[in-house]
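The block underneath contains the structure these notes are about, expressed in structure tokens.
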Amino acid sequence: MTKVFPNAPSALAGLLHDDMTVAAGGFGLCGIPENLIAALRDSGVKGLTIVGNNAGVDDFGMGVLLKTRQVRKVMASYVGENKEFERQVLSGELELELIPQGTLAERLRAGGAGIPGFYTRTGFGTKLAEGRETKVFDGREYVLEPGIRADVSIVKAWKGDRAGNLVFRKTARNFNPMIATCGRICVAEVEELVEVGALDPDQVHTPGIYVSRIIRGERYEKRIEFRTVRGAAASKKESPVRELMARRAARELRDGYYVNLGIGIPTLVANFVPPGLNVTFQSENGLLGVGPFPSEHEVDPDLVNAGKQTVSTLPGSAFFSSADSFAMIRGGHIDLAILGALEVAENGDIANWMVPGKMVKGPGGAMDLVAGVERVVAVMEHCAKDGSPKILPRCTLPITGRGVVGLIITDLCVFAVNPGGGLTLKELHPGVTIDEVRAKTGCGFAT
């Protein structure tokens, strides 16, 4: 029986019904099944539960299904820059199950592998783990997470053959391999459809056993969320103070380190690696060996970092799926994570993923990072926009992880988090006085 269909509507024919669960590959707008999403929208099917890392943007990706009110529930890691998504969640119009990014990747992989559930450190003690079963292994608590199965999964690959074998390209691999396995039926679209035997078996990322239907997609837009190029004018957000914090954070790098940089100020740290230091940057969407921003002619929509910025690779770089990426993180193979924060407590608790009733961005990969990385450094402004302190006796916002931060770098100073809790002031930035730090810090500290 042939797996090849002439177009997206025919490939989805007979598979769709109201109130079904659809899982879609992609990370941001990178590696999304554009043609199948459009056909899903045009089908008019409603009451959908959609599963994926995020729901695209307002007018592209899975976000178009939110605008047409075809979605009842979203299971995702990140709300991101999708304003309509955030609005529907905050107004109670849409059900949202936020899942840490690495846990989502593993739940999809487990569902496709026939594993009903697994235990993970990620999320323990946070709002996202409330009501879940926990278990102690070697003196540490873990959270039970169920596998995810979808009625239909839709994925996008670079190349595929008529047997359904798929090859992904660069960071467009991301969630696609796991989502291909988790659907009872998987429909794939590819940029290039070749005859059986044309693909090198050694290069196949997803074997055809997982793919029921396949099409050659047409007219790919392959939009880029954040086109970042080398030599472009500096962002309006950049400032000498942000550069100061990034430079100070770069002093925490050590030769041979594998490092993950969070979105925002931490991303700037890559610009200030001390000369002669060999550091490898990891991006949780599936890249080890993140290079600098590309030149204009080198921009590639299939090559982005976790902040959806266009990047380049370096000699020795490697691509892999999001599941493999978070296996590195949870397995303790990343030496250092440098993350932004909304709040940090004096015991090392960190909050950086939501402000109840006002902002829902989602945990992304942060919960996995703070649970699995050897050392965590928080880089942030010392005070919120209203002047209130962001370093507190305890976090007032939903936490990302408990007792995980070892160092806090702000626009005023540097604090070390002591073993067992409490802060020690290590450094003052130029022009800052200790009295100013005391006045703007919400808890006591040693000097």
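Principal axis extents of the Cα atoms in segment 107-248, from largest to smallest and rounded to whole angstrom, are 54, 51, 27. Once the Kirkwood radius over Cα pairs is known for segment 292-447, the Stokes-Einstein relation at 37 °C and 0.692 mPa s delivers a diffusion coefficient of 191 µm²/s. Distance between the pseudo-spin-label points of E374 and L314 (7 Å out from Cα toward the beta carbon): 1.7 nm. Say the dipole of segment 247-374 comes from +1 at the beta carbon of Lys and Arg and -1 at that of Asp and Glu; which of G331, Y257, G357 then lies farthest toward its positive end? Final value for the positive-end residue is G357. Placing +1 on each Lys and Arg Cβ and -1 on each Asp and Glu Cβ, with no other charges, gives the chain a dipole about its Cα centre of roughly 360 debye. Sorting the Cα pairs of segment 338-405 by distance into bins of 5 Å, from 0 upward, gives 4, 19, 30, 27, 15, 4, 1 percent per bin.
Exposure check, 1.4 Å probe, all protein chains in place: T267 carries approximately 40 Å² of accessible surface. What is the percent of Cα-Cα separations in segment 1-99 that go past 23 Å? Of all Cα-Cα distances in segment 1-99, 20 percent exceed 23 Å. In this structure K361 has an accessible area near 40 Å², from a 1.4 Å probe over the protein heavy atoms. Counting pairwise Cα distances across the chain, what percent come out greater than 44 angstrom? The answer is 12 percent, as a whole percent. When the pairs K46/K83; K73/K127; K170/K358 are compared against a 24 Å limit on Cα-Cα distance, K170/K358 fall above it.
Separation of segment 113-185 from segment 249-295 is 27 Å, based on Cα centroids. Extension gain, L277 to A198, is 24.2 nm, computed as 0.36 nm per intervening residue step minus the present C-alpha separation. Restricted to Cα atoms, segment 246-324 shows a radius of gyration and a Dmax of 12.2, 33 angstrom. With each label modelled as a point 7 angstrom along the Cα→C-beta vector, the R254-A38 pair spans 5.2 nm. So for segment 307-416, averaging the separation of alpha carbon pairs under 8 Å that are six or more residues apart and normalising by length, what relative contact order in percent results? The normalised contact order for segment 307-416 reaches 31 percent. Segment V4..A439, full-extension length gain: 149.9 nm, with 0.36 nm per residue of separation and the alpha-carbon distance subtracted.
Computing FRET efficiency as 1/(1 + (r/R0)^6) for N418 and I115, where r is the C-beta to C-beta distance and R0 is 25 Å, gives about 0.05. Taking all protein chains together and a 1.4 Å probe, the residues E252, E436 rank E436, E252 from largest to smallest accessible area. Using heavy atoms of the protein chains and a probe of 1.4 Å, the accessible area assigned to K73 is about 40 Å².
Per residue, the average separation of C-alpha pairs within less than 8 Å and at least 6 apart gives segment 1-142 a relative contact order of 16 percent. The antiparallel fraction among DSSP beta bridges confined to the chain stands at about 40%. Pairs of Cα atoms nearer than 8 Å and 6+ residues apart set the relative contact order; for the chain it is 15 percent. Binning all Cα-Cα separations of segment 156-203 at 10 Å, short to long from zero, yields these whole-percent fractions: 27, 58, 16.
Here, segment 31-165 is characterised by an Rg to Rh ratio of 1.01, where Rg is the alpha-carbon radius of gyration and Rh the Kirkwood radius.
The values are calculated or read from the model by the stated rules, or taken from the named source; none is laboratory data. Computed from a predicted structure; not experimentally measured. Backbone-built Cβ (ideal geometry, glycine too); neighbour counts: all protein chains shown. Protein only, heavy atoms only, side chains kept; ligands, DNA and RNA dropped before computing areas. Shrake-Rupley method; radii C 1.70, N 1.55, O 1.52, S 1.80 Å.
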